[in-house]
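The values are calculated or read from the model by the stated rules, or taken from the named source; none is laboratory data. Being a predicted model, the structure only gives us computed values, none of them experimental. Glycine also receives a Cβ, built like all others from the backbone with ideal geometry; neighbour counts cover every protein chain displayed.
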Amino acid sequence: MIECKDIVKTYKNGEMETVALKGVTFTIKNGEFVAIMGPSGSGKSTLMHIIGCLDAPSSGTYRLDGHDVSKLSDDELADIRNRKIGFVFQTFNLLPRATVLRNVSLPLVYAGMGSEKREKAAAAALSAAAFPEKFWQHLPNQLSGGMTQRVAIARALVNDPSLILADEPTGNLDTQTGEMVLDTFQRLHTEQKRTIVLITHEVYVAEHAERIIQIKDGGIVGDDTVKHRRMANHHNFK
């Protein structure tokens with residue numbers, strides 16, 4: 001699904017040069033649920049932008065679904081984003097004056113799908129995100145934070161993307177509500193075999209995935225399954 005090889009990202013500001021990623025290499029298989037975890041300034045946001053085809057690496061190769069997307073133009077990257085990636089952001093990004101159903105179906109308007117098919121696909125996505133039907137005609141400001149984020153998850157699902165990319169999806173939520181959202185991702189992974197990449201700086205959030213890639217100072221410093229991490233921590237504690 002995702003193949004990153006020797007990914008380098010350098011930002012230039014006049015004569016000043018900042019290296020955000022220093023030769024990052026990893027693969028994510030189809031159907032995996034992976035967390036990319038690191039502190040502020042670690043390079044995880046830069047890596048998220050490259051994985052999400054929002055930016056291109058300075059050097060190295062990024063293959064998504066077997067296609068090399070590291071050298072594509074901005075228009076070609078936009079096409080890949082629309083077809084293959086469903087985004088879930090910390091800030092929800094819903095239209096305040098549109099109903100839940102309308103918000104979820106909006107990506108399909110841009111894709112040129114007819115209204116009847118759009119509504120059917122939006123209903124299926126909301127059901128997959130465990131969002132109750134009785135709230136489908138509500139506006140975003142009539143919902144709790146957790147329900148609003150589930151609408152955003154449904155919107156990410158509506159195009160049936162190859163990859164769901166979630167950037168700090170619980171950042172604006174309290175712990176209990178965040179757990180509900182993370183449970184939704186886990187269910188999408190286990191029941192629908194969705195490929196999910198979760199970007200976070202929180203260990204407890206990352207441990208909802210099945211594998212954690214740790215990044216620090218622009219490089220990978222750890223890559224392990226959550227089960228193995230817990231076993232190692234238990235052994236160390238003993």
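The set of residues in segment 90-106 that are loosely packed, with under 13 Cβ neighbours inside 10 Å and modelled with pLDDT of 90 or more comprises 95, 96, 97. Of all residues in segment 186-195, exactly one satisfies the criterion of being touching a residue at least 60 places away in the same chain (Cβ under 8 Å) and either part of a strand (DSSP E or B) or of a type in the set (Val, Ile, Thr) (or both), namely 195.
Yes/no per residue for (1) buried (at least 20 other Cβ atoms within 10 Å of the Cβ); (2) acidic (Asp, Glu); (3) assigned to a strand (DSSP E or B):
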{"residue": "10", "(1), (2), (3)": "no, no, yes"}
{"residue": "22", "(1), (2), (3)": "no, no, yes"}
{"residue": "27", "(1), (2), (3)": "no, no, yes"}
{"residue": "49", "(1), (2), (3)": "no, no, no"}
{"residue": "55", "(1), (2), (3)": "no, yes, no"}
{"residue": "72", "(1), (2), (3)": "no, no, no"}
{"residue": "76", "(1), (2), (3)": "no, yes, no"}
{"residue": "88", "(1), (2), (3)": "yes, no, yes"}
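Each residue in segment 133-173 was checked for being buried (at least 18 other Cβ atoms within 10 Å of the Cβ) and touching a strand residue (DSSP E or B) at 6+ places or on another chain (Cβ under 9 Å), and 17 pass. The combined condition, being out of contact with any helix residue (DSSP H, G or I) (no Cβ under 8 Å at 6 or more places or on another chain) and assigned to a strand (DSSP E or B), is not fulfilled by residue 83. Restricting attention to segment 107-122, the residues that are at pLDDT below 90 and either aromatic (Phe, Trp, Tyr) or buried (at least 17 other Cβ atoms within 10 Å of the Cβ) (or both) total 4. Among the residues of segment 96-118, not a single one is acidic (Asp, Glu) and touching a Leu at 6+ places or on another chain (Cβ under 8 Å). When the test is whether a residue is under 24 Å from residue 156 (Cβ atoms) and polar (S, T, N, Q), residue 58 does not pass it.
Pull up segment 196-207, narrow it to residues that are outside any helix (DSSP H, G or I) and crowded, with 22+ Cβ neighbours inside 10 Å, then point me to the one that is farthest from the chain's Cα centre (by Cα). If you could, list the steps in order and put the result at the bottom.
Just the residues of segment 196-207 that are outside any helix (DSSP H, G or I), to begin with: 196-202, 207.
If we keep only those that are crowded, with 22+ Cβ neighbours inside 10 Å too, we end up with 196-200.
Values: 196: 6, 197: 5, 198: 5, 199: 7, 200: 10 Å.
Of everything passing the filter in segment 196-207, 200 is farthest from the chain's Cα centre (by Cα).
Residue 33 - would you say it is aromatic (Phe, Trp, Tyr) and under 14 Å from the mean Cα position of the chain (by Cα)? Criteria met by residue 33. Here residue 125 fulfils each of the conditions (1) assigned to a helix (DSSP H, G or I); (2) in contact with a strand residue (DSSP E or B) (Cβ under 7 Å, 6 or more places away or on another chain) apart from (2).
If the condition is being closer than 24 Å to residue 162 by Cα and touching a Gly at 6+ places or on another chain (Cβ under 7 Å), then segment 10-59 contributes 24, 43, 44. Pairing residues of segment 114-125 that are without any contact (Cβ under 8 Å) to a residue 60 or more places away in the chain and of a type in the set (D, E, K, R) with residues that are buried (at least 17 other Cβ atoms within 10 Å of the Cβ) and in a helix (DSSP H, G or I), at Cβ distances under 7 Å and at least 6 apart in sequence or on separate chains, gives 118/105; 118/108; 119/101; 119/105.
Restricting the search to segment 29-47, which residues are in a loop (DSSP other than H, G, I, E, B), crowded, with 18+ Cβ neighbours inside 10 Å and of a type in the set (Ser, Thr, Tyr)? Explain how you work it out, then say what you get.
First, the residues of segment 29-47 that are in a loop (DSSP other than H, G, I, E, B): 29-32, 38-43.
Those still in the list that are crowded, with 18+ Cβ neighbours inside 10 Å too: 32, 38, 42-43.
Correct list: 42 only.
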